1. I'd like the projected area of segment 367-440, averaged over all directions, using the convex hull of its alpha carbons. Report it in nm² with one decimal.
2. Can you compute the FRET efficiency between Asp334 and Thr192 using 1/(1 + (r/R0)^6), with r the Cβ-Cβ distance and R0 = 35 Å? Round to the nearest 0.05.
3. So what is the accessible area of segment 340-397 per residue, in Å², with the probe set to 1.4 Å?
4. May I ask you to order 427-436, 326-335 by the average number of other C-beta atoms within 10 Å around their residues, highest value first?
5. Give the value in nm², to one decimal: projected area of the alpha carbon convex hull of segment 247-306, averaged over all directions.
6. Residue by residue through segment 278-290, what is 3J(HN,Hα) from phi via Karplus (6.51 cos²θ - 1.76 cosθ + 1.60, θ = phi - 60°)? Round to whole Hz and write x for glycine and proline.
7. From the phi of every residue in segment 521-537, what ³J(HN,Hα) in whole Hz does the Karplus formula 6.51 cos²θ - 1.76 cosθ + 1.60 yield, where θ is phi - 60° and glycine or proline is x?
8. Please compute the length gained on full extension between Arg117 and Gln311, using 0.36 nm multiplied by the number of residues separating them and subtracting their Cα-Cα distance.
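The values are calculated or read from the model by the stated rules, or taken from the named source; none is laboratory data. Everything numeric in this text was worked out from a predicted model, so none of it was measured. Neighbour counts are summed over all protein chains in view; Cβ atoms, including those assigned to glycine, are modelled from backbone coordinates with ideal geometry. When the accessible area is computed, the model is the full protein with side chains, heavy atoms only, and any ligands, DNA or RNA have been set aside. Shrake-Rupley method; radii C 1.70, N 1.55, O 1.52, S 1.80 Å.
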Amino acid sequence: MPNPWSRRFLVLLFLTPVLLITVFDSRLAASNNLVTKSHDPQPGARVYENKVAEAAVAQIIVLAEQYYQEGEQHFFAGRMDQARSSFDSAFTAVYEADFTLRSVPALAQFRESLVERIQKCNTASANRATNSEAAKFSGNAQQGEPPKETGESDREEPDESTLVADPDEFNLFPLTIDPNLREKVSEDLANTSYGIPIVYNERVVEYLNLFQTDRWGRFSAGLARSGKYLPMMREYFREAGIPDDVIYMAMVESLFNPRAYSRARARGIWQFISSTAKLYRLRQDAYVDERSDPVRSTQAAVKHTLNLYQQFGDWNLVMAAYNAGAGAVQRAIDRAGTRDFWELARRRYLPRETVDHIPAIMASIIIAHNPENYGFSAELSAPIEVDRIKLGRPVGLSVVARLTDLSIAELKDLNPELKGLCTPLNFPEYQLKLPAGLGDHLQTKLKSISVSAWLPKSDMKRPPAERVARGKGKRRGQKTEVAGRSANRRSGKKLKRELAFAYSDSPKKPQGKRIIHKVRKGDNLTKIAARYNTDVQSLRGWNHLPSKKIRPGDKITIYRRE
């Protein structure tokens, strides 16, 4: 006789799957009912969702504001690294919000306020009087009250982007792409005329998404800053026959920042490395670096771009070669057997940075044509209008600041190529830039003071980049190369000779013809003096040369008797 408990067990074993299926079906039906109800919201559901969104935005704003306040405290205490980190955290809290939250007006307004406040901190960093020597004037130069702001930051690159991140960091992040972005880009490409072919692919869309989310603040600052230089750049580019859109290489290279300095030691708006700058006659010495001069560097960029186009004949390859070098692009073409940039990128014949460079530029061009479509302001900074003055001899910025009622920070902004607090000693052709209308005023004021008061010794201090601490990775006495020259201080005798020539008046011009001699390779002052039947001392005096050193391309003024 079978055991009754075993019979019950068999029945239970048979019925268990049936019971499980029934329970599963009932839960599935319940979930289906919930889904159906979600598509048919009850009255007040939309109001509830708005309140939830507003609450989430309020939390984001509180968190970002806390980070900003921390950054501000660090900034005014001089802790720049901590300030940069806190400001980055504030940006991240705002720009990593969901797309549904970005449409809430309160968050958009806070975002604008956050960017504005951080930019004010960055502007203040350029105006801080961290060099007390800059506020002093020599006894001969003190006439009247010193300017209100006469500071020069010890930071080599006091640009707006440094407090947030380096301007050359354009790395993609795994961000969710707005589903409406692709449709918006398609409409733009169909209705907008571009100067170069713009390709619509996923990589371009990813960069568009990156610029209007995680990189919104930096891109917005660069776009606004571009207004200072675009009219000048368009003039040079159009004269050379280069499409205007190629100018936006500068957005990816430097965010249109003349003081940008990359890890590869490239400098300026167009990010020239030292060797390439020398090919295009951009001056680099202890007192001036023309890679940071917006006009001179733009002229060099035009020549460089034309040379690349003559070699490759394709704008994608030109922009790739501008980033990686012509040699790297030509080797990639030779290896792959194709001149199609996108094929070279797909087959990984080009560096990753260069592969990202082209879609980033294309995304910048698309935004620049229709900034408001992508959440950016169409209002750009006003173009810079300046008077250019050739003074013929060095002058201290503290003197110029006092005579023109400008701050040293304002003068440095207009003359970003200057590395110290004076115009170059051995560059009589140098042109100082002042706000339009102040050129004649300064020249008149300078005539009212003695020549020896033009250059206070406090302004003769070596630029911050030249005063490198020996203790940082270098043994005592070991030379550190900065801007192609030794960072060791010059001897006292040499500095005195330079000051003597800077303060001295030029010798009287003899009766005769004025000649301009362009220095060639192998020339020196002795040879030039012999050729024109004069002496070295006169050559140095006529040209305000503090030493006998000249280089190819320099122009020497000579007065020769007939």
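1. Mean projected area for segment 367-440: 6.6 nm², to one decimal.
2. Values: r = 35 Å, r/R0 = 1.01.
For Asp334 and Thr192, the calculated efficiency is 0.50.
3. 47 Å²
4. Top of the packing list down: 427-436, 326-335.
5. Averaged projected hull area, Cα only: 3.8 nm².
6. Result, rounded to whole Hz: 5, 4, 10, 6, 8, 6, 9, 8, 5, 10, 8, 9, 6.
7. With the stated coefficients, segment 521-537 comes to 4, x, 6, 8, 5, 5, 5, 5, 4, 5, 5, 9, 6, 9, 10, 5, 4 Hz.
8. Length difference between fully extended and current span is 65.3 nm.
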